[in-house]
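A short write-up of the structure that comes next.
The values are calculated or read from the model by the stated rules, or taken from the named source; none is laboratory data. Quick caveat: nothing in here was measured; it's all calculated off a predicted structure. Ideal geometry is used to build each Cβ from the backbone, glycine not excepted, and the neighbour counts take in all protein chains shown. Keep in mind that these areas ignore ligands, DNA and RNA; they rest on the heavy atoms of the full protein, side chains included. Shrake-Rupley method; radii C 1.70, N 1.55, O 1.52, S 1.80 Å.
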Amino acid sequence: TWLTLSVQLGFVAGTLASAVLNLPDVWAPRQLVIGTSLLGAAANASLALFSHGPASALVLRFLTGFCLAGVYPPGMKILASWFRARRGFALGVLVGALTLGKAVPYLVNAVFGSAWRRSLLSASGLAVLGAVLVALFVREGPFAPAAAPFDLMQVTKVFANRGVRLASFGYFGHMWELYAMWTWVPVMLRSGFALRGLPPAVAEAASFFVIGCGAAGCVLAGLAADRKGRTLVTSAAMAVSGACCVVIGLCYGGPPLVLLAVAAVWGAAVVADSAQFSAAVTELGDAVYMGTALTLQTSLGFLLTTLSIDLVPAFLPALGWRWVFVLLAPGPALGVLAMLRLRALPEAARIAQGRR
């Protein structure tokens, strides 16, 4: 649990510092992405090369998360600078790439098995490749705002905007569920498949498939949100994923294909809405400090994940895999309420060019 939580807390610390200092708006976001990708790769590789105990491992995981704070929110800002009419789809592709990246280590695990140091080094190599791709091919788009002056008060102004506040509340409900699902469903699959006599490599491949389904969910939700409305699509995605929180446990111990099918639906729905919350913030907030707003939103969302990730193992002995994921359902339920409230406000006319 703490190997995961330390990454989340590092990300929270990094994004909070970045938001307070307005880094994605004051600095060129492209350079920020390249530099922090390389630093994150180094921290991750150091765990494989030098760590021999929990203390150093937790510190290095924290540093990895801290560096990733300079990759994700600035990356969203860069992509948003290229799109207005199809911003939801564009950010859906980006978060789909994030989701596929989240899934890849499980595929690496299926190859290397218990040789976790090799798995970490492979992940670091991919992070370096990502930095190279950004350096060679990525530029800010025609809708990029000019570099903003440092303004310490921007952090407090973000949630003074009612539309941004409600979009963020929807995002927080989504985040309560997302990372706990990503962290613990692979563990559930390992346990459930072992009960049916399947080898660990099958569970790792299944985990890659389940989380990877989210990439398709993000792209399809982006297309739908640009055409039908962001509040509608995010509410539908959270309704489906919230239902999966309740249903998935009933499949544990049964036929592996049934468990895999429900998990795949959950994997597609649980992250499908993620990019649309960010797209809404870029449309509702101050364009000059777009990076600060996105970074603060993700910082608080990731802080919330530390609670839900720890909640699952705390209640697992009492509830078992059959019911423990029900604890995640209130997040998407409250998220739906926030987005439907936003849908009813006049500010929603600014989302997706009037498509609420």
Report task. Please tell me if Val270 is at pLDDT 95 or above, in contact with a Ser or Thr (Cβ under 8 Å, 6 or more places away or on another chain) and surrounded by 20 or more Cβ atoms within 10 Å (Cβ to Cβ). Result -> yes
Query raised in the report: Somewhere in region 196-206, is a residue modelled with pLDDT under 95, of a type in the set (A, V, I, L, M), under 23 Å from Pro74 (Cβ atoms) and over 23 Å from the mean Cα position of the chain (by Cα)?
Result: no
Report task. Kindly list, by first and then second residue, each pair from a residue in region 316-334 that is farther than 19 Å from Leu178 by Cβ to a residue that is open to solvent by less than 50 Å² (accessible area, probe 1.4 Å) and not in a helix (DSSP H, G or I), limited to pairs with Cβ atoms under 9 Å and residues at least 6 apart or on different chains. Result -> Arg322/Gly253
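Is it the case that some residue within region 249-261 is closer than 11 Å to Phe325 by Cα, buried (at least 18 other Cβ atoms within 10 Å of the Cβ) and in contact with a helix residue (DSSP H, G or I) (Cβ under 9 Å, 6 or more places away or on another chain)?
Taking region 249-261 first, the residues closer than 11 Å to Phe325 by Cα are 249-250.
When the remaining residues are screened for being buried (at least 18 other Cβ atoms within 10 Å of the Cβ), the result is 249.
When the remaining residues are screened for being in contact with a helix residue (DSSP H, G or I) (Cβ under 9 Å, 6 or more places away or on another chain), the result is 249.
Yes - at least one qualifying residue is present in region 249-261.
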Query raised in the report: Name the pairs whose Cβ atoms lie under 9 Å apart, with the first residue in region 228-246 and on the phi > 0 side of the Ramachandran plot, the second at pLDDT below 95 and open to solvent by 50 Å² or more (accessible area, probe 1.4 Å), and 6 or more positions between them or separate chains?
Result: Gly229/Arg343; Gly229/Arg355; Gly229/Arg356
Report summary line: Sole miss for Thr295 among (1) within 21 Å of Met76 (Cα to Cα); (2) among the polar types (S, T, N, Q); (3) modelled with pLDDT of 90 or more is condition (3)
Requested in this report: Please work out if Ser241 is polar (S, T, N, Q) and within 26 Å of Leu337 (Cα to Cα).
Outcome: yes
**Report entry** Pairs where the first residue, in region 97-115, is more than 13 Å from Gly212 (Cα to Cα) and the second is in a helix (DSSP H, G or I) and open to solvent by 70 Å² or more (accessible area, probe 1.4 Å), C-beta under 6 Å, 6+ apart
**Finding:** Phe112/Arg118
Requested in this report: Scan region 128-143 and report the pairs whose first residue is closer than 26 Å to Ala287 by Cβ and whose second residue is open to solvent by 60 Å² or more (accessible area, probe 1.4 Å), with Cβ atoms within less than 6 Å and a gap of 6+ or a chain change.
Outcome: Gly141/Trp82
Report task. Select from region 221-239 the residues that are part of a helix (DSSP H, G or I) and either open to solvent by less than 10 Å² (accessible area, probe 1.4 Å) or under 23 Å from Phe302 (Cβ atoms) (or both) and list them in ascending order. Result -> Ala221, Gly222, Ala225, Arg230, Thr231, Val233, Thr234, Ser235, Ala237, Met238
Query raised in the report: Do we find that Ser56 is among the hydroxyl-bearing types (Ser, Thr, Tyr) and open to solvent by 10 Å² or more (accessible area, probe 1.4 Å) in this structure?
Result: yes
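Give the residue that is farthest from Leu223 (Cα to Cα), with candidates limited to residues of region 95-113 that are open to solvent by 50 Å² or more (accessible area, probe 1.4 Å) and hydrophobic (A, V, I, L, M, F, W, C).
Step by step, filter region 95-113, then rank; the result is Phe112.
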**Report entry** Residue in region 114-130 that is farthest from the chain's Cα centre (by Cα), counting only those that are closer than 16 Å to Ala42 by Cα, open to solvent by less than 50 Å² (accessible area, probe 1.4 Å) and among the hydrophobic types (A, V, I, L, M, F, W, C)
**Finding:** Leu120
Query raised in the report: Given the residues Leu133, Leu189, Leu166, which is the only one that is open to solvent by 80 Å² or more (accessible area, probe 1.4 Å) and either part of a helix (DSSP H, G or I) or modelled with pLDDT under 90 (or both)?
Result: Leu133
